[in-house]
Each structure stands twice: as structure tokens, then as C-alpha cells.
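J.: Structure provided below as C-alpha cells; questions to follow.
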Amino acid sequence: MREAVFAPLVARAAGVGEHSPGGATRSGEAWPPPGVEGPARAWVGVVSYEHVRRGVAGGFAQLCHGRRAPLARMNEGDWLVYYSPRVSLGGGDALRAFTAIGRVRGGPAYAFDMGGGFVPFRRDVSYVPSEPVPLARLAPALRFVREPGWGLKARRGHFEIELDDLRVIAAAMGAR
């Protein structure tokens with residue numbers, strides 16, 4: 001059942017879709033929006049798509065199995081883009097796509113009791129409307145992918161990227 005629900009997304013991540021790399025959104029506006037050039041930084045969080053959807057719906061980020069440290073590295077106004085290697089944690093279809101983008105809100109990371117003794121840390125994020133886009137389509141335009149060992153960074157679950165790479169990803173996702 002779950003695999004059927006995600007089939008269109010998996011197909012789109014395999015290369016079917018309308019987005020292409022660039023520096024502007026579908027509406028032609030520059031990305032990131034004005035006013036965020038200053039101290040804002042850009043980060044990638046590596047999270048399954050199912051977990052990304054929960055975070056977007058709840059307006060929070062939860063990274064690296066609930067660890068506090070990656071969330072604490074981000075500052076208010078920083079950008080977080082999610083890369084989802086798979087649809088679900090621990091298996092499921094490969095996705096390998098950027099799946100959400102948002103801006104970190106103020107306030108520190110906080111513990112959230114999910115029950116059963118699991119108390120991960122979260123950080124509030126304002127997500128912007130966007131569509132998933134496959135990494136393979138953007139790889140030639142992304143500096144961090146061309147760096148040796150970028151896959152090891154991804155395995156850590158959270159790493160910083162340049163704002164130029166964020167612009168390419170946001171434009172391809174149609175972020176608005």
C-alpha cells in the first residue's frame with residue numbers, strides 16, 4: 001500500500017518532471033529571497049521522505065535520529081534543504097531527491113517526547129512550497145556533489161553547503 005502511494009514521487013525522482021537547474025524560481029524571482037544574503041547559511045539534512053513529510057506538516061526539523069548537535073549548528077534565518085535517499089527509513093524504494101526546503105526559525109533546539117522512551121530534539125522551521133527534484137538532475141550544477149567524499153558528508157546526516165548550491169536546488173524545486 002505505502003509503495004503505491006509514493007509511486008508517482010519515485011517516478012518523478014527517477015527523472016520525470018518539469019524542473020531544471022538555475023538561479024530563479026518558477027515565478028522568475030531570485031533565490032534566496034531578498035534579505036537573507038547576510039549571515040544566513042545553507043544546510044542539507046539527510047532524512048527519509050516519510051520523515052520529511054512529518055516535519056513539514058508539523059513545522060519542525062528533526063535530524064540524525066533526534067540528536068541535538070546538528071540542530072544547534074543552525075542559526076535563525078539559516079536555510080535547510082532535505083535530501084531523501086529513500087522513501088522510508090530502513091528500506092523502501094530509493095528516492096535520491098531533494099524533498100523540502102525551509103528557513104530555521106528562532107529559538108533553540110528542544111526535546112520532544114514521542115512516547116515509548118524516544119525523546120528527540122527538534123527545531124522549528126518555516127517550510128516554503130516546493131516540489132521534490134532528483135539529485136541526479138542537479139548533480140552537475142552542485143559544487144558540493146563534485147567535492148570528493150560528499151557521500152561521507154551525507155552519511156553524517158547534516159552538512160553545510162554554499163548559498164549558490166542552495167539557489168540551484170531551490171530553483172529546481174520551484175521554491176516560492
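The values are calculated or read from the model by the stated rules, or taken from the named source; none is laboratory data. Since this is a predicted model, take the numbers as computed values, not measurements. Here Cβ is always computed from backbone atoms with ideal geometry, including for glycine, and neighbour counts include all displayed protein chains. These accessible areas exclude ligands, DNA and RNA; they are computed on the full protein's heavy atoms, side chains included. Shrake-Rupley method; radii C 1.70, N 1.55, O 1.52, S 1.80 Å.
Residue-wise test of (1) closer than 21 Å to Ala57 by Cβ; (2) aromatic (Phe, Trp, Tyr).
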position: Phe112; (1), (2): yes, yes
position: Arg122; (1), (2): yes, no
position: Glu131; (1), (2): yes, no
position: Leu135; (1), (2): no, no
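Here's the yes/no breakdown for (1) basic (Lys, Arg); (2) in contact with a helix residue (DSSP H, G or I) (Cβ under 6 Å, 6 or more places away or on another chain); (3) open to solvent by 20 Å² or more (accessible area, probe 1.4 Å):
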residue	(1), (2), (3)
Ala72	no, no, yes
Glu76	no, no, yes
Val87	no, yes, no
Asp93	no, yes, yes
Gly107	no, no, yes
Ala111	no, no, yes
Met114	no, no, yes
Val119	no, no, yes
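J.: Still on this model: Identify, by number, the condition in (1) more than 15 Å from Leu166 (Cβ to Cβ); (2) in contact with a strand residue (DSSP E or B) (Cβ under 6 Å, 6 or more places away or on another chain); (3) of a type outside the set (Lys, Arg); (4) open to solvent by 10 Å² or more (accessible area, probe 1.4 Å) that Tyr83 doesn't meet.
T.: In the conditions (1) more than 15 Å from Leu166 (Cβ to Cβ); (2) in contact with a strand residue (DSSP E or B) (Cβ under 6 Å, 6 or more places away or on another chain); (3) of a type outside the set (Lys, Arg); (4) open to solvent by 10 Å² or more (accessible area, probe 1.4 Å), Tyr83 misses (1) alone.
J.: Mind listing whichever residues of the stretch 72-95 are farther than 22 Å from Asp124 by Cβ and either over 17 Å from the mean Cα position of the chain (by Cα) or modelled with pLDDT of 95 or more (or both)?
T.: Residues satisfying the conditions are Gly90, Gly91, Gly92, Asp93.
J.: Can you give me the number of residues within the stretch 54-81 that are part of a helix (DSSP H, G or I) and farther than 18 Å from Ile169 by Cβ?
T.: The qualifying residues number 11.
J.: Can you give me the ranges of the helices (runs of 4 or more DSSP H) entirely in the stretch 127-176 with at least 2 residues that are in contact with an Asp or Glu (Cβ under 8 Å, 6 or more places away or on another chain) and in contact (Cβ under 8 Å) with a residue 60 or more places away in the chain?
T.: Passing ranges, in order: 163-173.
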